[in-house]
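Please read the structure below before turning to the comments.
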Amino acid sequence: MANRRTIVDDALHEYLVEHTVREHPAQTALREATRTQPQAGMQIGPEQAQFLALLVRLMGARRAIEVGVFTGYSALSVALALPDDGYLLACDVSDAYTRVGRPFWEQAGIAHKIDLRLAPAIETLDASLAAGDAGRFDFAFIDADKSNYDAYYERCLALLRPGGLIAIDNVLWGGAVARPASDADTIALQALNAKLHADVRVDVAMVPIGDGVTLARKR
Ligand code: CA
């Protein structure tokens, strides 16, 4: 039936995960290791990571960016989807969180693809731009502090080649974006969603997977 909407409740979500997720053993182990961390809910779900990995493979991406690594599950998932000589510029400020994931990057044999930069991501991205990397990346995943999302988006857009793809996490923000808001994070997400809707530099789709992912393809 056209336009039929399926509400994904917990039971249906469990079915979806059970019937699609294919993890490398290191991915499963890293999810387990993250479960006990404070803020474990910041990790994207395995079905979402698999979706991003599928996009990376579909594009034949070789060079990727991640803004917001947390314990490294999405970086692991993207790096597994990159070719052996692929490159992932991974930006985060937390040594404590990224330290959780690094042994699993080694276990999966993809650690050599990940260039982890422990610094504010804006500094890392600006350094990459200053080094002449504009237009040299295929894919970017933004999943970090929401108040800087627009700054990350602009830098990633400059770093991407035409036809490159940016995936932006948490764009539905638990539904809060559709309601009047007074907190800075929700307001930042509402502003970015409105900007992207009108942004003629990209083709866009807002996908209700996880907490909502916007896909923006650079024209
Ligand atoms: Ca997120």
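Key figures for this structure:
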{"read-out": "Scan of the range 27-44 for residues that are within 11 Å of Gly72 (Cα to Cα), assigned to a loop (DSSP other than H, G, I, E, B) and either of a type in the set (S, T, N, Q) or away from the ligand (no atom under 13 Å from the Cβ) (or both), ordered by number", "value": "Gln43"}
{"read-out": "Exclusive hit being assigned to a loop (DSSP other than H, G, I, E, B) and either of a type outside the set (D, E, K, R) or open to solvent by less than 10 Å² (accessible area, probe 1.4 Å) (or both), set Ala151, Ala144", "value": "Ala144"}
{"read-out": "For Tyr73: the one exception among (1) more than 15 Å from the ligand (Cβ to nearest atom); (2) in contact with a helix residue (DSSP H, G or I) (Cβ under 6 Å, 6 or more places away or on another chain)", "value": "(1)"}
{"read-out": "Selection from the range 193-219 of residues that are in contact with a strand residue (DSSP E or B) (Cβ under 9 Å, 6 or more places away or on another chain) and in a helix (DSSP H, G or I)", "value": "Asn193, Leu196, His197"}
{"read-out": "Qualifying residues in the range 62-112 (those that are assigned to a loop (DSSP other than H, G, I, E, B) and among the hydrophobic types (A, V, I, L, M, F, W, C)) - the one surrounded by the fewest Cβ atoms within 10 Å (Cβ to Cβ)", "value": "Val93"}
{"read-out": "Residue match in the range 46-61 (condition: within 11 Å of the ligand (Cβ to nearest atom), open to solvent by 10 Å² or more (accessible area, probe 1.4 Å) and not in a helix (DSSP H, G or I))", "value": "no"}
{"read-out": "Residue within the range 124-132 that is of a type in the set (Val, Ile, Thr) and either outside any loop (DSSP other than H, G, I, E, B) or surrounded by 15 or more Cβ atoms within 10 Å (Cβ to Cβ) (or both) present", "value": "yes"}
{"read-out": "Within the range 165-192, considering residues that are assigned to a loop (DSSP other than H, G, I, E, B) and within 16 Å of the ligand (Cβ to nearest atom), the one farthest from Met206 (Cα to Cα)", "value": "Asn170"}
{"read-out": "Candidate set: the range 1-26, residues that are of a type in the set (Asp, Glu) and part of a helix (DSSP H, G or I); chosen: the one farthest from the ligand (Cβ to nearest atom)", "value": "Glu18"}
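The values are calculated or read from the model by the stated rules, or taken from the named source; none is laboratory data. Please read these numbers as outputs of a predicted model, since none were measured by experiment. Positions of Cβ are generated from backbone atoms using ideal geometry, with glycine treated the same way; all protein chains shown enter the neighbour counts. Note: accessible area is taken over every heavy atom of the protein model, side chains too, but ligands, DNA and RNA are not part of it. Shrake-Rupley method; radii C 1.70, N 1.55, O 1.52, S 1.80 Å.
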